[in-house]
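Data first, discussion second: the structure below is written as structure tokens.
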Amino acid sequence: MPNTLEARVAGALTNIRNPRVDNDVISAGMIQDLTVGDDGRVSFTLLLGREDPATMVREARTAVREVEGVTEVKVKVMEPGGPAGEPQSQAKAQPGSVPPPPQPTELPNLGHILAVSSGKGGVGKSTVASNLAVSLARQGLSVGLMDGDVYGPNIPRMFGVTGQPRVEGQRIIPLEAHGVKLMSLGLMIERDAPAIWRGPIIVKILQQFLRDVDWGQLDYFLVDLPPGTGDAQLSLVQTVQVRGALIITTPQEVAIGDGLRGAKMFEKVNVPVLGIIENMSFFLTPTGERISIFSSGGGQKLADELGVPLLGQIPLQAGMTDLADAGTPIVVGEPESPAAKAIEAIVQEVRKKVGGGKSVKLPIVG
Ligand SMILES: Nc1ncnc2c1ncn2[C@@H]1O[C@H](COP(=O)(O)OP(=O)(O)O)[C@@H](O)[C@H]1O
Ligand SMILES: [Mg+2]
């Protein structure tokens, strides 16, 4: 389980058991419309059957209230089959608006430059960026991934790489793991020196990463941007011609506003938003049952708002964080898992959008 507030709340709920069905409240499908605000306010609907012990309401409320970061808990109790019990409509990728033709890049060796962005942190941006990169590489493409998150670089850990990159002549040699060439500020700077990487310095560092690292000839170059609309994002889009932006969001409506602001920034600098990727979309029980716990549909709503497609939905999957912490992206560690499958499907969508037929070297591996 990830250590975001959302995940801690979900985790606390999985500790509450319904003795009648001998299952936890999430797996038993009793939780719906879960909303976790940035301010720590949590609300959810508890579907309590006539036979279920009423004490479960207090148990659930107490468990969530005790979660670190939670400031308020509102529980709406309903009987199963009520209005809150309607299943989540399954969003499908829609044909999106056609992005403008790509301008010539200043750095054509980088191939298609894609910015991976999110309005706020903790939505799984780095996880998605890493897995998209590895998935592209596994399809025979040359892929670079730059960790542009100067405030919380974590790509190296997700790839299990530690050493410093070598310098040969005037060129920095990128590290490589799982078939992806990698660079990260986390590889170059001391862990506890982030405060000075501000403004003009960030711009300089990012430009240096783009120009002085020996990336070779790439098909795709993914940049994991810091959340928000700050200096790093602007400097990236001012330095090179970014082919498009992918916006990562969670299904919660409260996250949409952040996503919108992020998307507007790209539009302002003429970078097309290729689509929305919804992460932690639903919870998969160990038996593979798909349960929507967060108030849902945020990805589709954001996509509709922007007139871009929802490229896919990635489930919240137990074990993903442990794998990532061990340096193994889920598409490598558990390629058959629903999350890995969702990511692979998204990669196909992205490749279609980017229209990178010319840069494809190998047929797509099933
Ligand atoms: N679909 C998912 N299922 C389970 N855990 C996830 C999922 N996506 C991300 N995580 C976990 O959530 C946490 C935050 O993800 P991260 O990629 O670091 O977010 P961001 O880069 O947006 O801050 C990490 O611990 C990660 O392993
Ligand atoms: Mg990150």
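The values are calculated or read from the model by the stated rules, or taken from the named source; none is laboratory data. No experiment lies behind these values; they were computed from the predicted model shown. Quick reminder, even Gly has a Cβ in these numbers, built from the backbone with ideal geometry, and neighbours come from all protein chains shown. Heads up: the accessible areas ignore ligands, DNA and RNA and are worked out on the full protein's heavy atoms, side chains in. Shrake-Rupley method; radii C 1.70, N 1.55, O 1.52, S 1.80 Å.
Being small (Gly, Ala, Ser) and away from ligand 2 (no atom under 13 Å from the Cβ) is the filter; apply it to the stretch 120-135 and report the residue that is nearest to Asp258 (Cα to Cα). Here the answer is Ala133. Of all the criteria given as (1) open to solvent by 30 Å² or more (accessible area, probe 1.4 Å); (2) modelled with pLDDT under 50, the one not satisfied by Ala84 is (1).
Within the stretch 141-150, if we keep just the residues that are outside any strand (DSSP E or B) and at pLDDT 95 or above, the residue that is nearest to Gly312 (Cα to Cα) turns out to be Leu141. Across the stretch 305-347, the qualifying residues are those that are part of a helix (DSSP H, G or I) and either aromatic (Phe, Trp, Tyr) or touching a strand residue (DSSP E or B) at 6+ places or on another chain (Cβ under 7 Å) (or both), and the one among them that is nearest to ligand 1 (Cβ to nearest atom) is Ala339. Of all the residues in the stretch 117-140, those that are crowded, with 24+ Cβ neighbours inside 10 Å, modelled with pLDDT of 95 or more and more than 8 Å from ligand 1 (Cβ to nearest atom) number 6.
Screening the stretch 1-52 for residues that are within 16 Å of ligand 2 (Cβ to nearest atom) and assigned to a loop (DSSP other than H, G, I, E, B) and picking the one that is most open to solvent (accessible area, probe 1.4 Å) gives Asn3. Restricting the stretch 282-315 to residues that are open to solvent by 30 Å² or more (accessible area, probe 1.4 Å) and more than 18 Å from the chain's Cα centre (by Cα) leaves a set whose member that is farthest from Gly37 (Cα to Cα) is Thr287. The residue that is modelled with the lowest pLDDT, among those in the stretch 227-272 that are farther than 21 Å from Leu110 by Cα and among the β-branched types (Val, Ile, Thr), is Val254.
Whether any residue in the stretch 213-226 is open to solvent by 30 Å² or more (accessible area, probe 1.4 Å) and either within 16 Å of ligand 2 (Cβ to nearest atom) or modelled with pLDDT under 85 (or both) is what I want to check. Checking the stretch 213-226: not a single residue is open to solvent by 30 Å² or more (accessible area, probe 1.4 Å) and either within 16 Å of ligand 2 (Cβ to nearest atom) or modelled with pLDDT under 85 (or both).
For the stretch 144-183, filtering for residues that are over 20 Å from Gly333 (Cβ atoms), open to solvent by 20 Å² or more (accessible area, probe 1.4 Å) and within 16 Å of ligand 2 (Cβ to nearest atom) leaves 3. Scan the stretch 300-344 for residues that are free of Cβ contacts under 8 Å to residues at least 40 places away in the same chain and either within 21 Å of Pro272 (Cβ to Cβ) or of a type in the set (S, T, N, Q) (or both) and the total you get is 3.
Taking residues in the stretch 160-183 that are assigned by TED's automatic domain parsing to the domain that holds Ala129, and partners anywhere that are open to solvent by less than 40 Å² (accessible area, probe 1.4 Å) and charged (D, E, K, R), the pairs with Cβ atoms closer than 9 Å and at least 6 places apart or on different chains are Leu182/Asp147; Met183/Asp147. Within the stretch 53-66, the residues that satisfy the criterion of being under 29 Å from Thr249 (Cβ atoms), touching a residue at least 24 places away in the same chain (Cβ under 8 Å) and either open to solvent by less than 10 Å² (accessible area, probe 1.4 Å) or in contact with a strand residue (DSSP E or B) (Cβ under 8 Å, 6 or more places away or on another chain) (or both) are Ala60, Val64.
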